[in-house]
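The values are calculated or read from the model by the stated rules, or taken from the named source; none is laboratory data. What you are looking at is a predicted structure, and each value in this text was computed from that prediction instead of being measured. Glycine gets a Cβ as well: all are built from the backbone with ideal geometry, and neighbour counts include every protein chain shown. Accessible surface areas use protein heavy atoms only, side chains included; no ligands, DNA or RNA. Shrake-Rupley method; radii C 1.70, N 1.55, O 1.52, S 1.80 Å.
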Amino acid sequence: MPVVIGFEGSANKIGVGIVRDGEVLSNPRRTYVTPPGQGFLPSDTACHHRACILDVLQEALQEAGLKPQDIDAVAFTKGPGMGAPLVTVAVVARTVAQLWGKPLLGVNHCVGHIEMGRLITGAQNPTVLYVSGGNTQVIAYSEHRYCIFGETIDIAVGNCLDRFARVLKISNDPSPGYNIEQMAKKGQKLVELPYTVKGMDVSFSGILSHIEEVAHRMLAAKECTPEDLCFSLQETLFAMLVEITERAMAHTGSREALIVGGVGCNERLQEMMGVMCKERGAKLFATDERFCIDNGAMIAQAGWEMFRSGQITALQDSWITQRYRTDEVEVTWRD
């Protein structure tokens, strides 16, 4: 029964998780939170990760009741993500692997989300909507690849929400997306916003530019409330995502949909996707914030799949990359 430890730190979360044959033994994490109106810079985020990572590692081992000799392999996020935080985590993972005498496993962050979602929900062969601060993709498995059917052509949906939160100075604690979701529940008026679907792809930069331009003017004129803007932005963005996911499901004939990534925690997105799936006679799978949001266990699970299929990352190949597409990974562990 292989035991794999996973290190994740591609953005503002630093997490270490341990997985043994489909069982999550531990999954602690820390979040770098900045003041309202500010994003997180790579250098500052890396500094946060360096300060936290050894404590989180110790916590993961203690929670799992394991010692270094019980670990069979060390997995880490190879990419995509922010350069400085990725380097921080990779250096620690390489050091730990050498100190403990364990093999390394460089994991694609996006594949980690998918494998965690499949493990937790039991979805067999779903069409995947992957939505986060750095990525927006509609994915389906075929011939040892996670093929991308559609994606954003500019910024990710989570990045759009985060940057809108800065316009309204919405708190980043616990996350701007969560706080927008809570405000949206109180919205009463739907403000018309640009809706940009281009075939199987989506664009979010135009809607962000528009709402950045009109938000303060509309609020000053009392044409709407901050809650109305949050509600309207969510409804428009999520409608675009549901549309391209449904189109991919029609193309593949899929009867399962799986939402992964940090934005996948959003209950309104889950509700809209659920309505679409019900109308298609399909089943929706989603997880909560324990596994939707970046975490170490998802890297450990993808690493576990790689390890049992014979994949190992040589030390000289354990570099990181900020650009690492989901469809670049050879999925050797699936038929």
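Here's how it looks for Ile155: its modeled amide H is under 5 Å from those of Phe204, Ser205, which are all 5 or more places away or on a different chain. Note on the chain: with charges restricted to the Cβ of Lys and Arg (+1) and Asp and Glu (-1), its dipole about the Cα centre is near 220 debye. Ligands, DNA and RNA left out, the accessible area of segment 123-286 computed with a 1.4 Å probe is 48% carbon and sulfur.
Given the options Ala73, Gly262, Met273, identify the residue whose Cα lies farthest towards the positive end of the charge dipole of the chain (+1 on Cβ of Lys, Arg; -1 on Cβ of Asp, Glu). Checked the options; the winner is Ala73.
Counting only protein heavy atoms and a probe of 1.4 Å, the accessible surface of segment 1-120 is 53% carbon and sulfur. Find the centroid of the Cα atoms in segment 1-73 and in segment 97-122, then give the distance between the two in whole Å. First find each Cα centre; the distance between them is then 12 Å. Here r is the Cβ-Cβ distance between Arg268 and Lys67 and R0 is 45 Å; the resulting FRET efficiency, rounded to 0.05, is 0.55. Note on Arg308 and Gln124: the model spin-label points, each 7 Å out from Cα along the C-beta direction, lie 1.8 nm apart. Between the C-alpha center of segment 136-159 and that of segment 214-260 there is a gap of 17 Å. The modelled label-to-label distance for the pair Asp55/Leu190, using points 7 Å beyond Cα in the direction of Cβ, is 4.6 nm.
Estimated from helices alone, the mean residue ellipticity of the chain at 222 nm is -14500 deg cm²/dmol (sum of -39500 (n - 2.57) over DSSP H runs with n ≥ 4, per residue). Ordering Phe40, Ile155, Asn27 by Cα displacement along the dipole of the chain toward the positive end leaves Phe40 in first place; charges were set at the Cβ atoms of Lys, Arg (+1) and Asp, Glu (-1). Taking 37 °C and 0.692 mPa s as conditions, the chain diffuses translationally at an estimated 163 µm²/s according to Stokes-Einstein applied to its Kirkwood radius (Cα pairs). Solvent exposure of the chain, expressed per residue, is 42 Å² of accessible area, with all protein chains present and a 1.4 angstrom probe. Stretching the chain fully between Trp319 and Val275 yields a gain of 11.6 nm (0.36 nm per residue, less the alpha carbon separation). Here Tyr195 sits with roughly 110 square angstrom of accessible surface, probe radius 1.4 Å. Screening the chain for whole DSSP H helices with an alpha carbon extent of at least 30 angstrom along the helix axis and a mean Kyte-Doolittle hydropathy of at least 0.0 yields 226-252. Only Cα pairs under 8 Å and at least 6 apart count here; give the relative contact order of segment 123-286 as a rounded whole percent. With pairs under 8 Å counted, the relative contact order is 29 percent. Based on C-alpha pairs under 8 angstrom that are at least 6 apart in sequence, the chain has a relative contact order of 27 percent. Label separation (Glu223 vs Met200): 3.7 nm, computed from points 7 Å beyond Cα along the C-beta direction.
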